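Here, each number is a calculation from the coordinates, and none is a lab measurement. Not measured: the values here are computed from a predicted model. Note that we place each Cβ from the backbone using ideal geometry, even for glycine, and neighbour counts take in every protein chain shown.
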Ligand code: SER
């Protein structure tokens, strides 16, 4: 049951049996929401249901939501490749209650799923709660039998979730697993919390408020629930690997990159392979949802993601544009769950190929310029020079 595709269906089947409507992922470009760059969580498509503006024929729902955190309030772009857990594109598995159950049932549902269906070891689990949330702490004690030291109270915004500067928000409770002393890191709230030892994998948000403006927060019409479990993180736990990049799905993408490059990852360059695999997913899903690389707005963020991957392809010695060659592997891995990838395959391929061809040409010109400058009399105009795309030895380190 530990393959990424199986974990996704186990989650959705569990909540279906618990009376939740299974709702399809919404697109990465939020409909009618200028406050958000990309869909960054499962609750985005339900924002107006939480605030009472929109009614649905169900009061419980569950989704596997495509999410991108590469711009705006939640942005993990610069972490990707350097930690075991950050991704720009990920799937967020969630269950939602719109004025139906609240804290106690949400905690009970989560606890039963992770300890029974997923079989996680109870003694390795711990949670955080917002520092004033005695109610949530009490339910964790009652339902999970946790002692006080495994219910960590956090006074910061880490335990008060908001989708952006405005919108529904509320205190939250995060579930962590201790992956063992051999991994560096400390429990949440300690100076070592950014390490990978204590992995947060599920966030239960007790939606109670709406942030209307920077200074005004009102109560939601009915207290609600929004949870988000990182599918890739859960896969890394269930597959017994230390990083999301070692899970089955990412392994296949990294294998595809290795065959195209003619060599696999080593200790010194594994980060580049990881960046490529992650950015392949975010770029392809964004193009499938109608974003194209450009110099402004969403298109600019997409271009930054693509070029960061392409820069790493250069560092790995790619002699030809690489990213487009990996699209079939991505479609094989994720096309069944997300048919828009299959429908968009030709567009994704062409977009990646064109962008990387341009990027390599520009990179070549810049590299040639640096080389000429080093040999002294180079005119400034060399920045716009064009060289054949076969010239491929990056000499300058630039951050894309
Ligand atoms: N909205 C919350 C989060 O993104 C829970 O889904 O963490």
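Could I have the simple spin-label model distance between residue 354 and residue 248, label points 7 Å from Cα toward Cβ, reported in nm to one decimal?
3.6 nm
Step by step: find N for the stretch 1-140, compute 2.2 N^0.38 Å, then divide the Cα radius of gyration by it. What's the final number?
Here the Cα radius of gyration is 1.13 times the empirical estimate.
On C-alpha positions alone, give me the angle between the axis of helix 134-144 and the longest principal axis of the chain, in degrees, nearest 10.
90 degrees
May I ask you to work out the translational diffusion coefficient for the stretch 133-237 at 4 °C, viscosity 1.567 mPa s, via Stokes-Einstein with Rh from the Kirkwood sum over Cα pairs, reported in whole µm²/s?
The estimated diffusion coefficient comes to 86 µm²/s.
Pairing the Cα long axis of helix 103-112 with the longest principal axis of the chain, what angle in degrees results, from 0 to 90 and rounded to the nearest 10?
Long axis of 103-112 versus the principal axis of the chain: about 70 degrees.
For the chain, max minus min Cα coordinate along each principal axis, in Å, sorted largest first?
73, 47, 40 Å, listed from the longest principal axis down.
Quick one: angle between helix 297-315 and the longest Cα principal axis of the chain, in degrees between 0 and 90, rounded to 10, please.
The angle comes out near 60 degrees.
What is the extension gain from residue 182 to residue 31, computed as 0.36 nm multiplied by their sequence separation minus the C-alpha to C-alpha distance, in nm to one decimal? Mind dumping the intermediate values first?
Working: separation 151, 0.36 × 151 = 54.36 nm, distance 4.44 nm.
Fully extending the segment from residue 182 to residue 31 adds 49.9 nm.
Using only the alpha carbon atoms of the stretch 179-245, find the Kirkwood hydrodynamic radius as the inverse mean reciprocal pair distance, in angstroms to one decimal.
About 14.5 Å for the stretch 179-245.
Report, in deg cm²/dmol and to the nearest 500, the calculated mean residue ellipticity at 222 nm for the chain, where each DSSP H run with n ≥ 4 adds -39500 (n - 2.57) and the sum is divided by the residue count.
-11500 deg cm²/dmol
Taking 8 Å as the Cα distance limit and 6 or more residues as the minimum spacing, I'd like the relative contact order of the stretch 151-248 as a percentage.
22 percent
At what distance in angstrom do the alpha carbon centres of the stretch 296-351 and the stretch 147-162 lie from each other?
Cα centres, the stretch 296-351 to the stretch 147-162: 37 Å.
Hey, what did the stretch 79-220 get for relative contact order, percent, Cα under 8 Å, at least 6 apart?
Computed over the stretch 79-220, the figure is 20 percent.
Can you give me the three principal axis dimensions of the stretch 232-376 from its C-alpha atoms, in Å, biggest first?
For the stretch 232-376, the Cα extents along the three principal axes come out at 57, 36, 25 Å.
Test of understanding: what is the full-extension gain from residue 149 to residue 216, defined as 0.36 nm times their sequence separation minus their Cα-Cα distance?
Contour length minus Cα-Cα distance gives 20.7 nm.
Give me Rg/Rg_expected for the stretch 215-255, where Rg uses Cα atoms only and Rg_expected = 2.2 N^0.38 Å with N residues.
Taking N as the residue count of the stretch 215-255, the ratio is 1.97.
Taking the stretch 27-75, how much of its Cα-Cα pair set, in percent, is spaced more than 12 angstrom apart?
Values: 748 of 1176 pairs.
For the stretch 27-75, the share of Cα pairs beyond 12 Å comes to 64 percent.
What is the mean projected area of the alpha carbon convex hull for the stretch 269-337, to one decimal in square nanometres?
4.9 nm²
Roughly how large, in nm² to one decimal, is the mean projection of the convex hull of the alpha-carbon atoms in the stretch 66-153? Intermediate values should be presented prior to the final figure.
Values: hull surface 30.9 nm².
Reported value for the Cα convex hull: 7.7 nm².
So what are the radius of gyration and Dmax for the Cα set of the stretch 1-61, in Å?
13.7, 39
Which of the peptides 266-272, 348-354, 8-14 is most tightly packed, and how do the rest follow, going by the mean number of other Cβ atoms within 10 Å of each residue?
Working: 266-272: 13.0, 348-354: 19.3, 8-14: 17.3.
Ranking the peptides 266-272, 348-354, 8-14 by packing returns 348-354, 8-14, 266-272.
Using Cα pairs closer than 8 Å and at least 6 residues apart in sequence, work out the relative contact order for the chain, in percent.
Contact order relative to length: 14 percent.
Work out the P(r) tail for the stretch 235-275: percent of alpha carbon pairs separated by more than 14 Å, whole number.
The calculated P(r) of the stretch 235-275 puts 46 percent of pairs beyond 14 Å.
When 1/r is averaged over all different Cα pairs and the result inverted, which Kirkwood radius in Å belongs to the stretch 162-293? Provide the component values of the computation, followed by the final result.
Working: mean 1/r = 0.0561 Å⁻¹.
Across the stretch 162-293, the inverse of the average 1/r is 17.8 Å.
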